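Q: Have a look at this one.
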Amino acid sequence: MVKLHMDGKKPKNSGDDIAIAIDYSPEESSAPKVVAKGQGWLAEQIIAIAEANGIEVKEDPDLAQLLSNVDVDSEIPLEAFTAVAEILSYVYRMNNQWPEGISPAPSEANNPDNKKA
């Protein structure tokens, strides 16, 4: 699961934060789904739960805004696929965990931090 956080340039705890949680289980769905979303206090709780469980939090205001219009338990829209795929790939690399049926590119498998040798 990945949490997307939109903070923008507003003061912290301004109530305008948006958090979106996405999950991708290829054996269950053909596309990632929004599994939780919230604004203000609820967004803070989503982020806190993610961090407490070692789930990567990635800040992307534009994507968070786009996904905030998606219903919970609904697949992400086509226009978000590329951005979400990049985030999921980053998280899988950082955690060195790939979903069943998906494997990293050979260069990623040998170098999970994507560092140049």
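Q: For a quick protection proxy, order the peptides 48-54, 86-92, 18-24 by their average other-Cβ count within 10 Å, most packed first.
A: 18-24, 86-92, 48-54
Q: Here's something else I'd like to know. If I model a spin label as a point 7 Å beyond the Cα along the Cα-Cβ vector, how far apart are those points for Asn96 and Ser29 in nm?
A: 2.9
Q: So who's got an amide H within less than 5 Å of the one on Lys37, skipping anything under 5 residues away but keeping other chains? H placed 1.01 Å off N, in plane.
A: Ala21
Q: A follow-up question, please. Using only Cα atoms, locate the centre of segment 21-53 and the centre of segment 59-99, then give the distance between them in Å, rounded to an integer.
A: Each part reduced to its Cα centre gives a spacing of 10 Å.
Q: Still on this structure, please answer the following. For Leu42 and Asp62, compute 0.36 nm times the residue count separating them, minus their Cα-Cα distance, and round to one decimal in nm.
A: That works out to 5.3 nm of additional length.
Read the figures in this text as sums done on the coordinates, not as results from a lab. Predicted model, so just to flag it, every value in this text is computed and none were measured. Cβ: placed from backbone, ideal geometry, glycine included. Neighbour counts: every protein chain shown.
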